[in-house]
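Enquirer: Following this message is one structure expressed as structure tokens.
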Amino acid sequence: MPCPTCSTQSPEVALYCYRCGTSLRGSASTRAGSYAVQSSEGVNQFALISTIMPHTNRQTADNYRWAMILSAVLIVAATGLGLLPIAVAAAAFLIPVAYLVYIYDVNMWEDAPLPVVAALFLGTGVLAVLVTLFFFRWVFDEQFNSFAAGGRVGIESLSIPALLIFAVVLPIVAEVAKNVGGVFLASRPQFDDMIDGLTFGIAAGTAYAAFETIVLYSSVFTSGDFRTTDGLASWAVVVVNLMVVKALIYGTATGIAVAAFSGKGEGYDGFTGSYFLAFGLAVAANIGYWLGVRLLAYVPFGQALGLLWGFVILAVLVVRIRVMMQASLLEAAVEDAVRTDGLRSKRATVDDSYCPECENLLLDNSNFCMVCGTSVRSSSHQARRAMNEPTAPAAPTAGGVA
Amino acid sequence: MTEQPPQDPAVPASPPAQPPVQPAYAPAPPQQPAYAPAAAPAAQPGYGYPQGGTPVGPASTAPGGSGGFFSSSRGKTIGLIVAGVVAIGALGGIGAAIFGGDDEDAFTETTTGGTVEPGEEVTPEPDGGILSPSPIGSATPEPSDGSEPSPSAEPSPLPTEEATPTLDPEPGSDVVTIGNGVQVPVLPGWQVYGQGDSDVLLGDNQNSFVYAITGTVDPSADAASVIAASIDSILPKQTYTQLRKTDIAPLQAFGSVVSVAAMQYQATWTDQQAAVPLQGLLICAVRQDGTALIITAEHAPPDEFKDSSESWAPVVNATLGLFGAA
């Protein structure tokens with residue numbers, strides 16, 4: 001069966017071209033309904049785990065989903081009990097902790113765990129602390145405190161310079177800081193895949209959010225009240241925001257930028273126009289988020305509305321990542337499928353192996369599973385390593401690297 | 001999960017290992033797939049034909065299942081994440097136990113240290129809290145002549161029995177008029193951050209803010225009861241969290257003011273972007289015509305509140321002086 005896109009001959013039973021991922025049994029919209037990273041989901045679907053953790057499959061994605069739900073329940077319970085120091089610390093680091101486990105789980109760090117953790121979590125954390133102290137404590141504390149004092153007067157008290165500082169300038173500076181670690185790692189040869197860039201960007205963004213949160217809410221750790229009994233409804237909104245919305249907006253926005261740095265093809269693209277466009281989108285998302293939060297603070301139920309606004313921004317970013325990944329994976333695969341220089345993509349399979357998603361066999365030189373349509377580039381690094389070893393079929397071991 | 005392949009996947013029927021020399025659009029080898037597709041299974045679970053189209057029988061499964069491509073099992077993944085979150089939460093709690101807990105002392109010290117004993121009529125209840133009863137403007141009933149603006153020589157939130165509310169603001173300062181003709185002076189170094197029909201917010205660019213709001217009450221109303229009734233509006237719970245306040249203490253009336261009361265508070269102003277700990281002084285004065293004025297002076301952080309009184313006390317003094325003189 002010839003592929004209408006790249007002319008590759010696929011087996012008659014194939015649903016997708018194993019070289020370029022084109023749907024062989026339906027229209028182009030069929031492919032749009034099947035996300036290349038996780039084929040059981042649509043591209044325009046708000047599916048969080050497969051978006052921020054693209055190397056998971058359906059089974060392992062459930063592990064993270066349940067782990068985060070369970071952790072979130074514990075954090076909300078701590079908030080309800082007024083144990084704010086516990087709740088805020090745990091909320092700040094829920095996503096980074098989950099992400100660290102994920103990076104370990106899929107062996108993102110290959111054989112260099114220390115540099116990866118240092119660059120993404122510690123390095124970004126130090127930058128986050130410095131930037132946050134600079135804006136909120138050292139230089140512009142008066143401007144931010146005017147937000148606090150002005151709440152009773154209404155939006156008439158809104159200081160435009162303060163708004164520009166904390167909703168425009170700060171997000172720009174912060175986005176630069178968030179990109180440093182991810183871009184550094186994405187420029188390493190072993191991490192030059194676009195999915196690696198996305199992953200590192202998300203990790204750096206969530207780490208930045210965590211450390212920023214600790215600095216900005218440090219008063220809960222120094223307050224005389226270990227347990228708070230009033231204002232818990234407000235704190236519940238704040239904790240959910242810190243735990244989910246802020247962390248993921250920071251992460252997904254930075255993920256988009258660093259993924260653009262990696263680029264869709266072999267090697268990394270670097271600081272191209274695409275990168276700066278993606279960087280601009282990341283900044284715009286953060287600015288839009290904080291502008292909305294700041295302005296909604298002056299209306300009734302402003303905190304809850306700010307939280308909802310954050311979810312809207314997050315949904316846009318998630319869908320944007322999925323569309324970007326879908327287009328990039330398919331375009332890169334087509335380019336690989338029609339290349340005439342005889343070179344093999346280092347991201348395609350070598351010999352036959354198994355699809356980590358559906359466990360059907362992957363043909364030699366596959367970019368996609370011809371049965372489920374999942375990109376082999378979204379496989380874990382262990383699986384990728386197995387696919388790229390000419391000893392087919394791979395037999396993953398129970399405990400780790402196949 | 002998947003049914004057994006009809007033939008050993010390790011021995012592909014027709015391995016497509018070496019594609020033939022390819023034309024421009026490099027078609028893949030035309031061979032059959034490495035596995036032999038099974039007859040369409042009637043009840044194939046999830047895997048194998050994800051689009052509901054022609055079912056493709058999975059010929060084989062990866063030994064050990066797809067979980068073998070990950071370093072962690074389900075239990076390990078969930079356990080690591082939950083344990084990590086719990087551990088960080090515990091660290092937060094330990095941090096609070098170590099670094100927290102001294103605010104109350106500071107709060108008490110700020111409001112009591114160096115207190116000059118007030119007049120008998122304004123002495124707080126013996127166990128009525130830690131607030132010194134006449135923080136600012138515990139004025140003599142007769143305001144000063146106004147020739148010399150006279151905030152306390154050493155401005156302080158601490159009461160000075162001789163303290164006199166300033167009748168006139170300093171020369172060159174503006175006056176903002178809000179509802180009921182209440183005037184709030186804008187002293188040099190201060191600016192108006194926002195003004196409504198009946199309220200105004202001033203700031204000194206040094207993290208001190210004075211907020212004044214006026215309204216009309218029963219002239220016989222006690223200032224303390226006005227504070228009690230207004231506290232949720234002045235310090236809304238959705239933003240002023242972790243609120244700790246002293247008891248409301250009556251102060252000595254002056255001029256046309258028939259009732260004065262005050263309290264101090266500490267709170268954490270909370271929103272989605274940050275939390276700001278602050279300390280404030282709230283004074284309510286009720287005039288004989290029923291006009292009430294509530295004025296707050298706030299500063300962040302709380303441990304600088306006492307020192308910051310040098311900046312905000314003249315504003316509070318002058319505002320109360322003008323209010324009582326009307």
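Enquirer: Computed FRET efficiency, Cβ-Cβ of A:VAL126 and A:ALA233, R0 51 Å: what is it to the nearest 0.05?
Expert: Values: r = 34 Å, r/R0 = 0.67.
That pair, A:VAL126 with A:ALA233, gives E of 0.90.
Enquirer: Across segment A:94-106, in residue order, what do the Karplus-derived ³J(HN,Hα) couplings come to in whole Hz, using 6.51 cos²θ - 1.76 cosθ + 1.60 with θ = phi - 60° and x for Gly and Pro?
Expert: Working through the residues one at a time gives 4, 5, x, 5, 4, 6, 5, 5, 4, 4, 5, 4, 9 Hz.
Enquirer: For chain A, set up a GNM with springs between Cα atoms under 10 Å and report which of A:PRO171, A:PRO161, A:PRO96 has the largest fluctuation.
Expert: Among A:PRO171, A:PRO161, A:PRO96, the largest GNM mean-square fluctuation belongs to A:PRO161.
Enquirer: With a 10 Å cut-off between alpha carbons and a GNM built on chain A, which of A:GLU335, A:GLU175, A:GLU357 moves the most?
Expert: A:GLU335
Enquirer: A follow-up question, please. Enumerate the calculated ³J(HN,Hα) couplings along segment A:250-263 in order (Karplus 6.51 cos²θ - 1.76 cosθ + 1.60, θ = phi - 60°), each rounded to whole Hz, writing x wherever the residue is Gly or Pro.
Expert: 4, x, 5, 5, 5, x, 4, 5, 5, 4, 5, 5, 5, x
Enquirer: Considering the options A:VAL173, A:PHE147, A:TYR208, tell which one lies farthest towards the positive end of the dipole of segment A:144-285, charges being +1 on Lys and Arg and -1 on Asp and Glu at the Cβ, about the Cα centre.
Expert: The residue sitting most towards the positive pole is A:PHE147.
Enquirer: Arrange the residues A:VAL176, A:VAL240 by how much accessible surface each exposes, largest first, with a 1.4 angstrom probe.
Expert: On the way: A:VAL176 80, A:VAL240 40 Å².
Listed by decreasing accessible area, they come as A:VAL176, A:VAL240.
Enquirer: Still on this model: Can you list residues whose amide H is under 5 Å from A:GLU41's amide H, if they're 5+ apart or on another chain and H is modeled 1.01 Å from N?
Expert: Here the answer is A:TYR35, since their amide H atoms fall under 5 Å of that of A:GLU41.
Enquirer: Same structure again: Could you name the lysines whose alpha carbon sits less than 28 Å from that of A:LYS346, not counting residues in the same chain fewer than 8 places away?
Expert: Within reach: A:LYS264.
Enquirer: If the reach is capped at under 27 angstrom between alpha carbons, list the lysines near B:LYS306, excluding any in the same chain fewer than eight residues apart.
Expert: The qualifying lysines are B:LYS237, B:LYS245.
Enquirer: Once both labels are modelled 7 Å past Cα along the beta-carbon direction, what's the B:SER220-B:ASP174 spacing in nm?
Expert: In this crude spin-label approximation the distance works out to 4.2 nm.
Enquirer: Under a 5 Å amide H to amide H cut-off, with H placed in plane at 1.01 Å, what residues pair with B:ASP174 once short-range neighbours are removed?
Expert: The answer is B:VAL186.
Enquirer: Can you give me the Cα centroid spacing of segment B:271-320 and segment A:230-296 in angstrom?
Expert: 38 Å
Enquirer: In nm, what is the difference between 0.36 nm times the number of residues separating B:SER233 and B:LEU91 and their Cα-Cα distance?
Expert: Details: separation 142, 0.36 × 142 = 51.12 nm, distance 3.57 nm.
Working it through step by step, the gained length comes to 47.5 nm.
Enquirer: To the nearest 20 Debye, how big is the dipole of chain A about its Cα centre, given +1 on the beta carbon of each Lys and Arg and -1 on that of each Asp and Glu?
Expert: On the way: 22 positive and 28 negative charges, 110 e Å.
It works out to roughly 520 debye.
Enquirer: Now for a different question. Considering all alpha-carbon pairs of segment A:71-184, what whole percent are spaced by more than 24 angstrom? Walk me through the intermediate numbers first.
Expert: Details: 3166 of 6441 pairs.
Percentage above 24 Å: 49.
Enquirer: Sort out for me the Cα centre separation of segment A:336-372 from segment A:78-109, rounded to whole Å.
Expert: 36 Å
Enquirer: Per-residue counts of other Cβ atoms within 10 Å, averaged by peptide: what ranking do you get for B:78-87, A:264-273, highest first?
Expert: Numbers: B:78-87: 19.4, A:264-273: 15.4.
My ranking of the peptides, most packed first, is B:78-87, A:264-273.
Enquirer: If R₀ is 60 angstrom, what is the calculated FRET efficiency for the pair A:VAL73 and A:MET1, using the beta carbon separation as r and rounding to 0.05?
Expert: According to the calculation, E is roughly 0.80.
Enquirer: Other chains near A:152-162: what is the mean number of their Cβ atoms within 10 Å of each residue's Cβ? Spell out each step's value before the answer.
Expert: Working: counts 14, 10, 5, 1, 8, 11, 2, 3, 0, 0, 1.
Across A:152-162, the average partner-chain Cβ count within 10 Å equals 5.
Enquirer: Further question on the same structure: Per the helix-only calculation at 222 nm, which mean residue ellipticity applies to chain A, given -39500 (n - 2.57) for every DSSP H run of n ≥ 4 and division by its residues, nearest 500 deg cm²/dmol? All intermediate terms of the calculation are to be shown ahead of the outcome.
Expert: Values: 16 runs with 221 residues, N = 402.
The helix contribution divided over chain A gives -17500 deg cm²/dmol.
Enquirer: Can you list the lysines whose alpha carbon is less than 20 Å from that of A:LYS246, not counting same-chain residues fewer than 8 positions off?
Expert: Within reach: A:LYS178.
Enquirer: Using a Förster radius of 30 Å, what is the FRET efficiency between B:PHE99 and A:GLN45 based on their Cβ-Cβ separation? Nearest 0.05, please.
Expert: Numbers: r = 44 Å, r/R0 = 1.47.
Calculated transfer efficiency: 0.10.
Enquirer: Over the Cα atoms of chain A, what Rg and Dmax result, in angstrom?
Expert: My reading of the Cα-based Rg and Dmax gives 22.4, 72 Å.
Enquirer: Further question: Quickly rank A:307-320, A:53-66, B:266-279 as a protection proxy: mean count of other C-beta atoms within 10 Å, highest first.
Expert: Numbers: A:307-320: 18.7, A:53-66: 22.4, B:266-279: 24.5.
Output ranking for A:307-320, A:53-66, B:266-279: B:266-279, A:53-66, A:307-320.
Enquirer: Residues of B:245-256, mean number of Cβ from any other protein chain within 10 Å of their own Cβ, rounded to a whole number?
Expert: Working: counts 0, 0, 0, 0, 0, 0, 0, 0, 0, 0, 0, 0.
For this peptide, the per-residue mean of nearby foreign Cβ atoms is 0.
Enquirer: Is there a simple number for the mean count of other chain Cβ atoms within 10 Å of the Cβ of residues in A:349-359, and what is it?
Expert: Details: counts 0, 1, 5, 10, 2, 11, 4, 7, 4, 12, 12.
Shielding by partners across A:349-359 averages 6.
Enquirer: Accessible area per residue of segment B:239-326 at 1.4 Å probe, in Å²?
Expert: Per residue, segment B:239-326 has 22 Å² of solvent-accessible surface.
Enquirer: Additional query: So what are the ³J(HN,Hα) numbers for segment A:152-169, from phi and the Karplus equation (6.51, -1.76, 1.60; θ = phi - 60°), rounded to whole Hz, Gly and Pro as x?
Expert: 3J(HN,Hα) across segment A:152-169, in whole Hz: 6, 7, x, 5, 4, 8, 5, 8, 5, x, 5, 4, 5, 5, 8, 10, 10, 5.
The values are calculated or read from the model by the stated rules, or taken from the named source; none is laboratory data. Computed from a predicted model, the values in this text were never measured in an experiment. Methodologically, a virtual Cβ is constructed for each residue, glycine included, from the backbone with ideal geometry; neighbour enumeration extends over all protein chains shown. Surface areas here come from the heavy atoms of the whole protein model, side chains and all, with no ligands, DNA or RNA. Shrake-Rupley method; radii C 1.70, N 1.55, O 1.52, S 1.80 Å.
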